[in-house]
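No value in this document is a laboratory result; all are computed from the given coordinates. As the structure is a prediction and not an experimental result, all values here were calculated from the model. We place every Cβ from the backbone using ideal geometry, glycine too, and count neighbours over all the protein chains shown.
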Amino acid sequence: MSNAHRKQTKANTEAHAEPTNRPPRFQKHVHSQGFLQEDYEQNVMGATAGVFCAIWAGHLLGERLSMALTTWSPADDQGIHRLLPSDLSIVVLLASKLLFLRALSFRYVLRPMLKCLGIAEFVSRQSMAATIAGCLSALLAFCPAIWVLCDSNSDRHRDGLSTMHKGFIIGQSAAQVAAMAIEFLESNRLDRVLAQYLMAGSLFSAGMLRHIHAAAMLVCAWELPRLVTGLLATLEKLLERPCCCFLQRISLAFSPFALVIMGPWLVYTVAKASLLQEDVDSRSLLGARLVFCISLAALSLIELNNILSFTPAAPAPADVRSEKIQ
């Protein structure tokens with residue numbers, strides 16, 4: 001082959017060669033925060049829906065395990081209920097349903113509604129949706145607790161719980177378990193996860209001990225600051241200006257102070273009741289009393305640590321304004 005033919009072949013090869021500035025075939029794609037959040041919510045909905053659909057399918061087929069997970073302990077001949085450790089299965093099932101409803105509402109109700117209101121940025125929509133969801137959950141927990149405290153028939157069932165009171169304890173415990181799962185999945189604050197766990201244990205053990213008023217007082221002290229703080233934060237985002245900062249700081253400090261003051265008193269009340277009652281039922285509930293006292297004491301210590309380590313946020317400069325979304 002002559003040199004001229006070799007040169008011509010090389011020129012033709014270089015002319016038909018692919019450009020070298022083309023991006024590589026396997027390139028890492030960086031997902032946006034909106035895509036990651038929607039993928040997380042889809043996984044949560046899929047997992048929780050699969051769990052309770054499988055449980056209810058087993059219930060319809062008469063499986064013993066599914067029957068235990070979908071029914072609570074029956075009442076006695078007088079219609080009086082008692083909260084038993086087997087009722088924890090209902091708490092876990094309701095917590096999975098609450099997680100499903102939260103992810104569903106975020107994806108198909110709250111964020112689309114906020115987008116229709118003119119909030120175009122995904123981070124702002126997600127933050128406001130979380131605030132609104134926190135307000136609704138606190139309101140749905142606070143109102144039944146007030147009803148229990150104001151109920152004049154609470155002392156009628158001293159040997160057990162009524163149907164409404166048992167449903168109140170199970171629902172509140174499930175809400176705390178769901179909040180614990182949310183804190184574990186979405187934040188890095190292990191102290192909050194531990195506080196939600198101790199709160200759920202305190203509520204359920206109070207139900208086993210038939211201290212319905214103590215459980216209602218715990219719910220009020222726990223949820224009222226979150227309700228007030230969420231409402232004020234929603235007003236700030238809607239009005240685009242800070243409002244009632246002093247009231248917001250007071251509401252944030254109310255829950256730790258209330259639990260620190262009320263916790264030892266509730267522990268003393270339960271311990272005194274256990275000493276005065278010497279029947280067989282009192283001895284069988286010794287474990288529940290230990291769980292209640294230890295959980296509430298640990299929760300009071302966590303909240304006391306939050307009070308001691310609280311540092312107020314520095315005020316923002318007056319000339320710094322949040323960019324208004326077009």
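Between CYS116 and LEU61, with labels modelled 7 Å along Cα→Cβ, what's the label distance in nm to one decimal, could you check?
Taking the simple label geometry, CYS116 and LEU61 are separated by 4.1 nm.
Once you sort the root eigenvalues of the Cα gyration tensor of the stretch 108-187 as a ≥ b ≥ c, which label holds: rounded (a/c under 1.5), prolate (a/b larger than b/c) or oblate (the other case)? Provide the component values of the computation, followed by the final result.
Numbers: a/c = 4.33, a/b = 2.46, b/c = 1.76.
Prolate, because a/c is 1.5 or more and a/b exceeds b/c.
Would you mind computing, in nm to one decimal, how far apart the modelled labels at LEU36 and VAL92 are, each placed 7 Å from Cα along Cα→Cβ?
Roughly 3.0 nm, to one decimal.
Can you give the FRET efficiency to the nearest 0.05 for GLU236 and ALA47, using r as the Cβ-Cβ distance and R₀ = 30 Å? Numbers along the way, then the final one.
Numbers: r = 34 Å, r/R0 = 1.14.
So, using R0 = 30 Å, E works out to roughly 0.30.
Under the rule of at least 5 residues apart or a separate chain, name every residue whose amide H is placed under 5 Å from the amide H of LEU161.
Placed amide hydrogens put HIS81, ARG82 under 5 Å from LEU161.
Classify the stretch 24-141 as rounded, prolate or oblate from the Cα gyration tensor: take a ≥ b ≥ c as the square roots of its eigenvalues, call it rounded if a/c is under 1.5, otherwise prolate when a/b beats b/c and oblate if not. Let's see the in-between values first.
Working: a/c = 3.78, a/b = 1.82, b/c = 2.08.
Judged from the Cα gyration tensor, the stretch 24-141 comes out oblate (a/c at least 1.5, b/c at or above a/b).
Given labels modelled 7 Å from the Cα in the Cβ direction, how far is it in nm from PHE184 to CYS150?
3.6
Report the full-extension gain for the segment THR163 to CYS143: residue separation times 0.36 nm, less the Cα-Cα distance, to one decimal in nm. Mind showing how you got there, number by number?
On the way: separation 20, 0.36 × 20 = 7.20 nm, distance 1.74 nm.
Value of the extension gain: 5.5 nm.
Of ILE90, MET128, ALA138, which is farthest along the charge dipole of the stretch 53-149 in the positive direction, counting Lys and Arg as +1 and Asp and Glu as -1 at C-beta?
Working it through, the farthest residue towards the positive pole turns out to be MET128.
Relative to the present Cα-Cα distance, how much length would full extension add between LEU301 and SER124 at 0.36 nm per residue of separation?
Details: separation 177, 0.36 × 177 = 63.72 nm, distance 3.43 nm.
Taking LEU301 through SER124 to full extension adds about 60.3 nm, to one decimal.
Give a residue-ordered list of calculated ³J(HN,Hα) values for the stretch 229-234 (Karplus: 6.51 cos²θ - 1.76 cosθ + 1.60, θ = phi - 60°; whole Hz; x for Gly, Pro).
These are the phi-based 3J(HN,Hα) values: 5, x, 5, 5, 5, 5 Hz.
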